[in-house]
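Asker: I'd like to ask you about the structure that follows.
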Amino acid sequence: MKEINLALIGTGVIAHSHMQRYSEIEGANVIAACDLNEAKLNKFCDKWNIPNRYVDYRELLKRDDVVAVDVALHNNLHGPMSVAVMAAGKHCYCEKPMAGSYVDAVAMKEAAAHYGVKLHIQLARIYGGQAICAKRIIGAGRLGKIYHARSYGYRRRGRPFVDGYAEKEFVSSHWAGHGALYDMGVYHISQLLYLLGTPKVERVSGSVYKELAMDTKRRMESGYDVEELGVGFIKFEGGLTMDMIESWAIHGAEFPSSSIYGSEGGIQLGSDFGRDSLKFFSEIEGYPAETNLDIKAEQYRRLQLDPSLRVYEGSQDHWVGVLRGECEQIDTPHIALQTMLVSEGIFLSGQLGREVTADEIPSLCKSTAISRQDAPFGELTYPPYPFYK
């Protein structure tokens, strides 16, 4: 098993999730980590047995023994930090969403091409048994002509920090860019785009809302100014459409889970806590039929017969497999960028009070990358290439 040496920048909530997964992958060695908060950094590194610790990301990037760097920071730092990582000649794995705005995500993709390194975005729901099963059903033509999809994400009360968990930066537009759409909507939208073959977006309409009450003290402390609910309608090339709704908080019952509809059949994907489930809808001799597929058992069988398939079990499993040369990389930068285009279109549509075209979104979008002066890791080095000016 080829050993891969990795480093991690950021030691917050999501970094622990990343480390848990890396710890389960044989030969994936996280040998260095960076965080401005030295006490937090040491506590994190002690827990995960990481020997090399830095408060200056530039010193970490000088290490010749690090192949790839995992960026686990808040959204508006994804762009500049990922570009800095790639400018140092390191492959880059970045937490979702791709960036805090569409133009910052474009900069990241251009940087990867310019510096000749790999970029990978964490899109958890395009991996595992459910996604594999759905992809096979669609690939076999069992849905017929696919004409519509629905992207659903539901929390009754699940706003970060103000509802009792995670850090206050999650609900600050300065750090996060946006709220529910960027935090959780990215998973559901990207999964559907992946399963649909990443169709070309033509037009987007939608709105976002922040209407529900919250703890006054936590509102003041966090400066809460992002959406708790996003809704939208997307038109793709060829007539395909998709509607979406993503909730952090709403006075309403749970939504149905995401679905794809075709002329010969349809599929319904299990929710966040039922990722092993998938229903297939069709007709048998004219009778409407509903089939529950036993994904968990079949996925277990397939992995026993062919352990190499583990590289499609999770985002970091796939990333390490790519770095080892065990598989071709799923084009997560493209999928994530199209997801950003959809989300950005919804925000712009709400602001302008009209539908927006895919062609006009880039020109209307503004960078939300943390400035040099405000960057918590000191002055970020912006390379002299038109990623950031």
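The values are calculated or read from the model by the stated rules, or taken from the named source; none is laboratory data. Quick caveat: nothing in here was measured; it's all calculated off a predicted structure. Every residue, glycine as well, gets a Cβ built from its backbone with ideal geometry; the counts of neighbours run over all protein chains shown. Ligands, DNA and RNA are excluded from the accessible area calculation, which covers all protein heavy atoms including side chains. Shrake-Rupley method; radii C 1.70, N 1.55, O 1.52, S 1.80 Å.
Asker: Is it fair to say A111 is touching a residue at least 24 places away in the same chain (Cβ under 8 Å), touching a helix residue (DSSP H, G or I) at 6+ places or on another chain (Cβ under 8 Å) and crowded, with 21+ Cβ neighbours inside 10 Å?
Answerer: yes
Asker: So, one more: I'm told T198 meets every condition in (1) surrounded by 15 or more Cβ atoms within 10 Å (Cβ to Cβ); (2) in contact with a helix residue (DSSP H, G or I) (Cβ under 7 Å, 6 or more places away or on another chain); (3) at pLDDT 95 or above; (4) part of a helix (DSSP H, G or I) except one. Can you identify the failing condition by its number?
Answerer: T198 satisfies all of (1) surrounded by 15 or more Cβ atoms within 10 Å (Cβ to Cβ); (2) in contact with a helix residue (DSSP H, G or I) (Cβ under 7 Å, 6 or more places away or on another chain); (3) at pLDDT 95 or above; (4) part of a helix (DSSP H, G or I) except (4).
Asker: Taking the condition open to solvent by 70 Å² or more (accessible area, probe 1.4 Å) and modelled with pLDDT of 95 or more, does Q373 pass?
Answerer: no
Asker: Quick one: E283 ticks every box in (1) in contact (Cβ under 8 Å) with a residue 24 or more places away in the chain; (2) over 19 Å from D163 (Cα atoms) except a single one, so which number is it?
Answerer: (1)
Yes or no, residue by residue, for (1) outside any strand (DSSP E or B); (2) open to solvent by less than 60 Å² (accessible area, probe 1.4 Å); (3) of a type outside the set (G, A, S):
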| residue | (1), (2), (3) |
| --- | --- |
| K279 | no, no, yes |
| E290 | no, no, yes |
| R302 | yes, no, yes |
| W319 | yes, yes, yes |
| V322 | yes, yes, yes |
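Asker: Let me ask something else. Condition test on G350, is it modelled with pLDDT of 95 or more, under 30 Å from V71 (Cα atoms) and open to solvent by 30 Å² or more (accessible area, probe 1.4 Å)?
Answerer: Considered against the rule, which asks whether it is modelled with pLDDT of 95 or more, under 30 Å from V71 (Cα atoms) and open to solvent by 30 Å² or more (accessible area, probe 1.4 Å), G350 comes out as no.
Asker: From the list G100, G129, G79, exactly one residue is surrounded by 22 or more Cβ atoms within 10 Å (Cβ to Cβ) and over 27 Å from C365 (Cα atoms). Which is it?
Answerer: G129
Asker: Here's a follow-up. Any idea which residue in the stretch 67-125 is farthest from R21 (Cα to Cα), counting only those that are assigned to a loop (DSSP other than H, G, I, E, B) and among the polar types (S, T, N, Q)?
Answerer: S101
Asker: On the basis of being more than 19 Å from the chain's Cα centre (by Cα), among the basic types (K, R) and open to solvent by 10 Å² or more (accessible area, probe 1.4 Å), does K118 make the cut?
Answerer: Against the criterion (more than 19 Å from the chain's Cα centre (by Cα), among the basic types (K, R) and open to solvent by 10 Å² or more (accessible area, probe 1.4 Å)), K118 does not qualify.
Asker: Next question. Pairs, please: C-beta under 6 Å, at least 6 apart or cross-chain, first residue touching a residue at least 24 places away in the same chain (Cβ under 8 Å) and in the stretch 81-97, second among the polar types (S, T, N, Q) and open to solvent by less than 10 Å² (accessible area, probe 1.4 Å)?
Answerer: Sorted first by the residue in the stretch 81-97, then by its partner, the pairs are C92/S82; C94/S82.
Asker: Considering only the stretch 1-28, how many residues are touching a helix residue (DSSP H, G or I) at 6+ places or on another chain (Cβ under 8 Å), of a type outside the set (A, V, I, L, M, F, W, C) and more than 24 Å from A166 (Cβ to Cβ)?
Answerer: Adding up the residues that qualify gives 2.
Asker: Give the residue that is nearest to C133 (Cα to Cα), with candidates limited to residues of the stretch 188-222 that are in contact (Cβ under 8 Å) with a residue 24 or more places away in the chain and of a type in the set (S, T, Y).
Answerer: Y194
Asker: Restricting the first residue to the stretch 11-39 and requiring it to be at negative phi and of a type in the set (A, V, I, L, M, F, W, C), which pairs with a second residue that is at pLDDT below 95 and in a helix (DSSP H, G or I) meet a Cβ separation below 7 Å and a spacing of at least six or different chains?
Answerer: C34/Y57
Asker: Could you identify the single residue in K62, K47, K90 that is among the charged types (D, E, K, R), at pLDDT 95 or above and open to solvent by less than 40 Å² (accessible area, probe 1.4 Å)?
Answerer: K90 is the lone residue from the list that is among the charged types (D, E, K, R), at pLDDT 95 or above and open to solvent by less than 40 Å² (accessible area, probe 1.4 Å).
Asker: Could you grab me the full set of residues in the stretch 228-264 that are in a loop (DSSP other than H, G, I, E, B) and open to solvent by less than 10 Å² (accessible area, probe 1.4 Å)?
Answerer: Selection gives E228, W248, S258.
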